[in-house]
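Peer 1: Input: one structure, supplied below.
The values are calculated or read from the model by the stated rules, or taken from the named source; none is laboratory data. What you are looking at is a predicted structure, and each value in this text was computed from that prediction instead of being measured. When we count neighbours, we look across all protein chains shown, and the Cβ atoms used for this are built from the backbone with ideal geometry, even at glycine. Only protein heavy atoms, including side chains, enter the accessible area calculation; ligands, DNA and RNA are left aside. Shrake-Rupley method; radii C 1.70, N 1.55, O 1.52, S 1.80 Å.
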Amino acid sequence: MNTFAQALEKPPIWGGWITGPTAIGPEEFARAGYDYVGFDAQHGYLDDADIAGMLRRLEHVPIATAVRLPNADAAPIGRVLDAGADAVFIAMIESADQAAAAVAATRYAPAGIRSFGPLSPSLGLDPAAHEERVSVFAMIETAAALTNLDEICAVDGLTGIYVGPADLAISLGFGPVGSTKQPDVLDAIKRIHGTATAAGLITGIHANDGKTGNAMAQLGFQLITLAAESQALRRGAAEHLREATGQ
């Protein structure tokens, strides 16, 4: 069962982001109506055990799960999939070869290089079912990736493209704050969406707030991450304080 594919039957879908170990963060995103939660193994304070524990807690919670990893190294990708992640977002993909390596890390021989070792009993023991349930997203976030965009989008086995606008803006010579409002960056984002859509891929993006998320949905993005748990906590805490103080 491909949980991400099921969620994407009614796009756009909305995601929360987890950067540190938490017992309730993912469940609260689910209770709030979010469609998926992403665990950040690139920039977050999470190790394999943290991610595996949180994935296990979510087995019976109605929310899809993804893990962002820093590159296409097969071993870390295999570990989070063995722990039950529904999708992987592979950062800093700049070539078709790197995108193909990411796909191969999610497939067993002869199609790929994934090693068999499911950690979660709920996964069962069928390699074909393990492969079918995984969604693979290549993150496009550099000028080099834009140069090779057509070739990346043509890689067989990719589910979609996920835009990292902050790094994309930096790579194009701009600052990361408010990156989607920078015309040159926005043009690049629109190009990525158009190219990926033409190739039959799902398009996702890291929006960082609701207003930007709405704007990206209007452009046609189908998978949009809205906020990290720290952002959600800060916003809720500030609103409670404002109500209490009348300020």
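Peer 1: Would you check if I152 is assigned to a helix (DSSP H, G or I), modelled with pLDDT of 95 or more, β-branched (V, I, T) and surrounded by fewer than 22 Cβ atoms within 10 Å (Cβ to Cβ)?
Peer 2: On the way: assigned to a helix (DSSP H, G or I): yes; modelled with pLDDT of 95 or more: yes; β-branched (V, I, T): yes; surrounded by fewer than 22 Cβ atoms within 10 Å (Cβ to Cβ): no.
Considered against the rule, which asks whether it is assigned to a helix (DSSP H, G or I), modelled with pLDDT of 95 or more, β-branched (V, I, T) and surrounded by fewer than 22 Cβ atoms within 10 Å (Cβ to Cβ), I152 comes out as no.
Peer 1: Can you tell me how many residues in segment 155-177 are over 19 Å from the mean Cα position of the chain (by Cα), outside any helix (DSSP H, G or I) and of a type in the set (A, V, I, L, M, F, W, C)?
Peer 2: Going through segment 155-177 one residue at a time, the tally reaches 3.
Peer 1: Scan S179, S115, S122 and give me the residue that is among the hydroxyl-bearing types (S, T, Y) and touching a residue at least 60 places away in the same chain (Cβ under 8 Å).
Peer 2: S122
Peer 1: Same structure again: I need the full set of residues from segment 15-62 which are open to solvent by 40 Å² or more (accessible area, probe 1.4 Å) and touching a Ser or Thr at 6+ places or on another chain (Cβ under 6 Å), in order please.
Peer 2: E59
Peer 1: Filter segment 98-128 down to the residues that are open to solvent by 30 Å² or more (accessible area, probe 1.4 Å) and under 21 Å from the mean Cα position of the chain (by Cα), then identify the one that is farthest from V163 (Cα to Cα).
Peer 2: Per the stated criteria, the residue is R107.
Peer 1: Among the residues of segment 165-182, is any within 29 Å of Y108 (Cβ to Cβ) and modelled with pLDDT of 95 or more? Step through it out loud before you land on a result.
Peer 2: Of the residues in segment 165-182, the ones within 29 Å of Y108 (Cβ to Cβ) are none.
Among the residues of segment 165-182, not one is within 29 Å of Y108 (Cβ to Cβ) and modelled with pLDDT of 95 or more, which makes the answer no.
Peer 1: Here's another thing I want to ask about it. Restricting to segment 1-14, and then to whatever is out of contact with any Ser or Thr (no Cβ under 9 Å at 6 or more places or on another chain) and in a helix (DSSP H, G or I), can you tell me which residue is most open to solvent (accessible area, probe 1.4 Å)? Give the derivation first.
Peer 2: Quick first cut of segment 1-14, residues out of contact with any Ser or Thr (no Cβ under 9 Å at 6 or more places or on another chain) only: 1, 6-7, 9-13.
If we keep only those that are in a helix (DSSP H, G or I) as well, we get 6-7.
Values: Q6: 97, A7: 27 Å².
If we take residues in segment 1-14 being out of contact with any Ser or Thr (no Cβ under 9 Å at 6 or more places or on another chain) and in a helix (DSSP H, G or I), then Q6 is most open to solvent (accessible area, probe 1.4 Å).
Peer 1: If you don't mind, there's one more thing I want to ask. So, in segment 186-229, exactly how many residues are open to solvent by 50 Å² or more (accessible area, probe 1.4 Å) and in a helix (DSSP H, G or I)?
Peer 2: 9
Peer 1: Which ones in segment 77-97 are open to solvent by less than 30 Å² (accessible area, probe 1.4 Å) and either in a loop (DSSP other than H, G, I, E, B) or farther than 27 Å from D150 by Cβ (or both)?
Peer 2: G78, V80, L81, D82, A83, G84, A85, D86, A91, I93
Peer 1: Among A102, A129, which is in contact with a strand residue (DSSP E or B) (Cβ under 6 Å, 6 or more places away or on another chain), within 25 Å of D48 (Cα to Cα) and in a helix (DSSP H, G or I)?
Peer 2: Details: A129 fails: in contact with a strand residue (DSSP E or B) (Cβ under 6 Å, 6 or more places away or on another chain).
Residue meeting the stated conditions: A102.
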